[in-house]
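Rule-based calculations on the coordinates, nothing more; no lab input. Since we're looking at a predicted model, the values are computed, not measured. Cβ coordinates were reconstructed from backbone atoms using ideal geometry, including for glycine residues, and neighbour counts include every protein chain displayed.
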Amino acid sequence: MTTRIDRRFEAVRAEGRAALVTFVMAGDPDPETSLDIVRALPKAGADLIELGMPFTDPMADGPAIQAAGVRALAAGMSLRKTLALVRAFRAEDDATPIILMGYFNPIYVYGVDSFLADARTAGVDGLIVVDLPPEEDHELCKPALAAGLNFIRLATPTTDDKRLPAVLANTSGFVYYVSVTGITGAAIPDYGKVTGAVARIKRHTDLPVAVGFGVKNAETAEAIARGADGVVVGTALVEAVRLSLSEGRATPATVEAVSAVVRDIAAGVRRVSKKAA
Amino acid sequence: MTIQNPNSFRTGPDETGHFGMFGGRFVAETLMPLILKLEQAYEAAKADPAFHKEMGEYLTHYVGRPSPLYFAERLTEHCGGAKIYLKRDELNHTGAHKVNNVLGQILLARRMGKKRIIAETGAGQHGVATATLCARFGLECIVYMGAVDVERQKPNVFRMHMLGAKVVPVQSGSRTLKDAMNEALRDWVTNVADTFYCIGTAAGPHPYPAMVRDFQCVIGREAREQMLEREGRLPDSLIACIGGGSNAIGLFHPFLDDKSVEIFGVEAAGHGIPTGEHAASLTGGRPGVLHGNRTYLLMNEDGQITEGHSISAGLDYPGIGPEHSWLHDIGRVTYISATDKEALAAFQLLSKLEGIIPALEPSHAVAKAVEIAAAKPKDHLMIVNLCGRGDKDIFTVADHLGGMS
């Protein structure tokens, strides 16, 4: 079974480049503006969209993404509204993959089965749930796979060769390599090490490997794109949202502020040719 | 999964860290290898007599154990019912039960070669205990504490500074214990190589709930022996306050299979359960996943964690240890709650009747003990866990009572 995620990575590979995966927080700074931001992402150069499901206690996120979640929740965002946002996006774009990213509790409280059914109907393609390691696969990963959604797992510098097969076992769509130990938006990775780490993961899987954490602009995106099948950017985009706000509210400049950063980073990603020699 | 022995309540967790449906290991992949290593190291230490011997030495000569089991004669007279005994863990070095657990974890950190210790703290008792043992063993110590708690538990902040720890006020979220725990987890995920996370209560990802419980069980083991020696039989009831619930599980666990022993856990009802401003996860919450485990949580219909409220910073947490969630669901322990007001009254009552100033946390247990004892016959033997002393709370209490009258 192929999914939108599989097809998109295949298409990007055929173009001889890495994919750009963009993360924004659903409902940030408010549900309406957020939908406009998401709608503008593909045109600005995003190949895949990660949509953050806001949560009060994002334990693996740095201050920027924490603040984005706080803004979204303050604007009344919920998991139900996040699914509505995906539905609205999907009505106009049937090709760009959407991956929901967040923490397990809102999904658990929604009810795993109804969540998976509603997510699939809305047009969600994959899930990244930070606090569900392979040890908890029965909770959501296996039911998600059975429901036809991709379950994308994070691999980290602490995931050694012994552990990698367990991490990859039920992973589909792509592998998200977290390039540093730490929270989102913090450290800058050692690019040489990242290339080596991607190569190590690729020895264990045929899935595309996207790399996140530490992508701030065209240059850093270019550096990551050299060694990976995909580049993930998040903190830089939610910071663009924040900087565009006036007294905490969206302005006419908000959507374009995010698009501008995406265009810049997309240009960096596209400078790297991966055409087979 | 192993089948838990149906004849015993003391065999949990299973090898995946579950007490029934509660517990588990809900953490980011970065932390997973660390948690597995910790589990291995703890299992090895548990099987090593040298570890227990070392622990015993420090418990006796540094912590000051065993703590007395004291017959509270005037409190008993006041209630006119059950014979009330206080398990006096407030007499431990650093003034609370927290040190029992910290000692175990710090000795384990030393075995694992970890030099940097991080901790979260609410009331500051766990922070002080961690800072104390880090000073004793020459380890770097960083304590995360909600900015609100830094303000209301100043004496403990000073003590931590004095002991050489770095106290980081946490400004995110509700700026209390849960946010301090988030920040500690963020630190751990960043500093994986050299850092040991010393969790202060019997919650978090496996193996913490079981490990912290094991270290706290010294309370219940002593209480059992002391009661047998004093009265020639087991107590009829136990009562302890519950935030995360480490003092309570430490007292309860060695008695769980003694069917004649009635067990009560007291949550913080804050301004009252119906007001929604409380920290009673079992009474007013439902199962969810936070901080590495599935347990009862305070949250809204969207699964967003809500802010607990309690006059006591140590109980002001929207969750509870997973073993308590299980004991609640199977009905072995009865969980009740006490309001801020009831705790304040008990704080004064115990101070005046027994010359013992309790912390606001166990004041919740004392409040309910007084009610329950009054309804019991005079030959009923009750143990109240007095898990902390009230020095840190005198300013908070004075504020609520409108001065030092």
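Structure notes:
- Pairs with C-alpha atoms separated by more than 25 Å, drawn from the list B:Lys46/B:Lys115; B:Lys53/B:Lys178; B:Lys87/B:Lys166; A:Lys202/A:Lys274, are B:Lys53/B:Lys178; B:Lys87/B:Lys166.
- Average other protein chain Cβ within 10 Å of Cβ, residues A:155-161: 4
- Sum of -39500 (n - 2.57) over DSSP H runs of 4+, divided by residues of chain A (222 nm, nearest 500): -14000 deg cm²/dmol
- Computed over every Cα-Cα pair of chain A and binned at 5 Å starting from 0, the pair-distance distribution P(r) comes out as 1, 6, 14, 18, 21, 19, 13, 6, 2, 0, 0 percent.
- Computed from Cα atoms alone, the Kirkwood hydrodynamic radius reported for segment B:154-222 is 14.1 Å.
- Inter-part distance where segment A:86-123 and segment A:189-229 are each reduced to a Cα centre, Å: 27 Å
- In whole angstrom, segment A:36-130 maps to an equivalent ellipsoid with semi-axes of 20, 17, 12, each derived as √(5λ) from the alpha carbon gyration tensor and ordered largest first.
- Computed packing ranks the peptides A:245-254, A:226-235 as A:226-235, A:245-254, most packed first, by mean other Cβ atoms within 10 Å.
- Considering only segment A:4-270, percent of DSSP beta bridges that pair antiparallel, nearest 5: 5 percent
- Listed residues B:Asn293, B:Asn191, B:Asn247, most fluctuating in chain B (Gaussian network, C-alpha, under 10 Å): B:Asn191
- Rg and Dmax of segment B:1-142, based on Cα coordinates, read 18.7, 56 Å.
- Diagonalising the gyration tensor over the Cα atoms of the protein assembly as shown and scaling each eigenvalue by 5 before taking the square root yields semi-axes of 48, 25, 22 Å, largest first.
- Listed residues B:Pro155, B:Pro33, B:Pro318, most fluctuating in chain B (Gaussian network, C-alpha, under 10 Å): B:Pro33
- Translational D in µm²/s for segment A:124-171 (Stokes-Einstein at 37 °C, 0.692 mPa s, Kirkwood Rh from C-alpha pairs): 298 µm²/s
- Each peptide in B:181-188, A:27-34 receives the mean, over its residues, of other Cβ atoms within 10 Å, and ordering these scores from highest gives B:181-188, A:27-34.
- About its Cα centre, chain A has a charge dipole of approximately 760 debye under the convention of +1 per Lys or Arg Cβ and -1 per Asp or Glu Cβ, with nothing else charged.
- Across peptide B:289-299, the mean count of Cβ atoms from other chains lying within 10 Å of each residue's own Cβ comes to 3.
- Span per principal axis, largest first, for the Cα atoms of chain B (Å): 57, 49, 47
- Partner shielding of A:107-119 amounts to 2, given as the average count of beta-carbon atoms from other chains within 10 Å of each residue beta-carbon.
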